[in-house]
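Participant: Okay, handing you the structure first.
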Ligand SMILES: NC(=O)c1ccc[n+]([C@@H]2O[C@H](COP(=O)([O-])OP(=O)(O)OC[C@H]3O[C@@H](n4cnc5c(N)ncnc54)[C@H](O)[C@@H]3O)[C@@H](O)[C@H]2O)c1
Ligand SMILES: [Zn+2]
C-alpha cells in the first residue's frame, strides 16, 4: 500500500448537515484532524486499542474511553447499553462528542449509543478496517443484530466527520483485507466495467495490499457518496448498494457469522449474478470475470451447512422482503445494477439451488 499520496478530502451531504471525510497517513496525524473536537469520549475497538496502544494513548490523553469487542454476537442492544453505561459512569455530558475508532461492528454500536445517549450526542468515525474505510464509514446508517438476523434495529444519523487513517491497515490480517475487498468489488461493479477492472487488476497483480489501495478506496467512497446523497434514507436508488447483501446476510445468519461480512457480500453478489443470468437479465458471459475473481480471492471452506431452503427462509426475514416479494438487487451489466422485485416462491429457490450445485465458490458442509 502506497500511502505517500493521500486522497483529497471531500464532503457528504446529509439531512443532519454535510460532513467531511478526510485522510491521514499516520495515527499521529489524527490529533490535528480532531484538534477542534472538544469534550471527547472515545469508543475504541478492543483489538485496535491493543495493537496501536501507544499511538492511541497519545491521541486520547486524559479523555475518558471505553473499549468494545468486534463480535457480531455483542453487536446487539445489550452491547449498545454497555457502551451507554460506560458513558454514564464517565459522566459524559450531552455536549460531548463520541469518537468511535474501529471497524464496522464497533462503529455500529458506538454510533447507536451516541444516537440515543441523553437523546443523542454527535459522533466522529475513525474507521480501522478496510471495509469500514471503503464502505460503512459513510452513509449515516447504524444498526445492531436482533437474534441471528443482521442489522434489524437501527437508524439513520450522519457522523460529524470521518477521518480515514491508512496506518490502521498495516495491522489488518489478510482475511480482514479480503473482506474489505468484498464491498469494494460490489461498489466497482455498480460503478462501471472500468472500475471493476481496476480492482480486479490490482488484486490479481499485487494481491490484497496493492499499491493503488488508497485510490481504490477513494473510488469506492465516491460511488457510495453518489448513492447516499441521492437517497440517504434508502427509499429508492440507495437500495442498489444492497447488491450482494440479501444473499450475503442470509448466509451470515445461516453459518452463524463464520464468514466475514465482506466475504459473504462477495459470495452474495456472485449468486445474484447467477440469478440475474438465469432469469435472462444478464448476458451469461458478462459476469464470468466476476465469478473468476470471486473464486480466486474468496474460495474457502465453511463448516456450517447451508442449502437453498435455508437461504429462502432467511430471505423472508430480510428487510427487503414483504408480502412474498423480495427486492433483489441484480445486475444487467457493469454500471447498470437494478432493483428487481422478485417473488420469493417463484423460480428463485431453483436458481439458488442451481448456484449451490454448480458454481458456489465456498466449499460447504452438507445440510441435514
Ligand atoms: N452501518 C453501515 O452502514 C454498515 C455498512 C457495512 C457493514 N456494516 C457492518 O460492519 C460489520 C463489519 O465490519 P468490519 O468488516 O469492519 O468488521 P469488524 O468490525 O468485525 O472488524 C473485523 C476484525 O478486525 C479487527 N480490527 C479492526 N481494526 C483493526 C486493525 N486496524 N488492525 C487489526 N485488526 C483490526 C476487529 O477487532 C475484528 O476482529 C458488520 O457487522 C456489518 O454489518 C455496517
Ligand atoms: Zn455490507
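Rule-based calculations on the coordinates, nothing more; no lab input. For clarity, every value in this text was computed on a predicted model and none was experimentally measured. No Cβ is skipped: glycine too gets one built from the backbone with ideal geometry, and neighbour counts run over all protein chains shown.
Participant: Please report the antiparallel percentage of the DSSP beta bridges confined to the chain, to the nearest 5.
Facilitator: On the way: 18 of 43 bridges.
For the chain, the DSSP antiparallel bridge percentage is about 40.
Participant: Take residue 153 and residue 50, extend 7 Å from each Cα along the Cα→Cβ direction, and tell me the distance between the two endpoints in nm.
Facilitator: 2.7
Participant: With a point put 7 Å past each Cα toward its Cβ, work out how far residue 285 is from residue 10 in nm, to one decimal.
Facilitator: A separation of 3.4 nm, rounded to one decimal place.
Participant: Still on this structure, I have one more. For each of 225, 186, count neighbouring Cβ atoms within 10 Å of the residue's Cβ, then give the residues from fewest to most.
Facilitator: Working: 225 17, 186 32.
Least to most surrounded, the residues fall as 225, 186.
Participant: Report, to one decimal in Å, the Kirkwood hydrodynamic radius for the range 287-327 based on all distinct Cα pairs.
Facilitator: Details: mean 1/r = 0.0789 Å⁻¹.
Hydrodynamic radius (Kirkwood, Cα pairs) of the range 287-327 is 12.7 Å.
Participant: Can you tell me how much longer the chain between residue 2 and residue 347 gets when fully stretched, taken as 0.36 nm per residue apart minus their C-alpha distance, in nm with one decimal? Spell out each step's value before the answer.
Facilitator: Details: separation 345, 0.36 × 345 = 124.20 nm, distance 4.64 nm.
Between residue 2 and residue 347, full extension yields 119.6 nm more.
Participant: So, by mean Cβ neighbours within 10 angstrom, what's the order for 102-113, 322-333 with the highest one leading?
Facilitator: Numbers: 102-113: 27.3, 322-333: 17.3.
Highest mean packing first, the order is 102-113, 322-333.
Participant: Additional query: Report the full-extension gain for the segment residue 209 to residue 193: residue separation times 0.36 nm, less the Cα-Cα distance, to one decimal in nm. The partial results should precede the final answer.
Facilitator: Details: separation 16, 0.36 × 16 = 5.76 nm, distance 2.14 nm.
Contour length minus the Cα-Cα distance gives 3.6 nm.
Participant: How large is the Kirkwood hydrodynamic radius of the chain, in angstrom, based on all distinct alpha carbon pairs? The partial results should precede the final answer.
Facilitator: Details: mean 1/r = 0.0481 Å⁻¹.
About 20.8 Å, per the Kirkwood formula over Cα pairs.
Participant: Whole Å is fine, so just give me how far the alpha carbon centre of the range 125-202 lies from that of the range 3-49.
Facilitator: About 15 Å separates the Cα centre of the range 125-202 from the one of the range 3-49.
Participant: Please state, to two decimals, what the Cα-based radius of gyration of the range 34-158 comes to when divided by 2.2 N^0.38 Å (N = residues). Before the final figure, lay out the partial values.
Facilitator: On the way: Rg = 13.3 Å, N = 125, 2.2 N^0.38 = 13.8 Å.
After normalising by residue count via 2.2 N^0.38 Å, the value is 0.96.
Participant: Just want to confirm a number: the relative contact order over the chain, from Cα pairs under 8 angstrom separated by 6+ residues, in percent.
Facilitator: About 15 percent, as a whole number.
Participant: How would 235, 214, 269 line up from fewest to most surrounding beta-carbon atoms within 10 angstrom? Please list the in-between numbers first.
Facilitator: Details: 235 8, 214 22, 269 30.
The fewest-first ordering by Cβ neighbours comes to 235, 214, 269.
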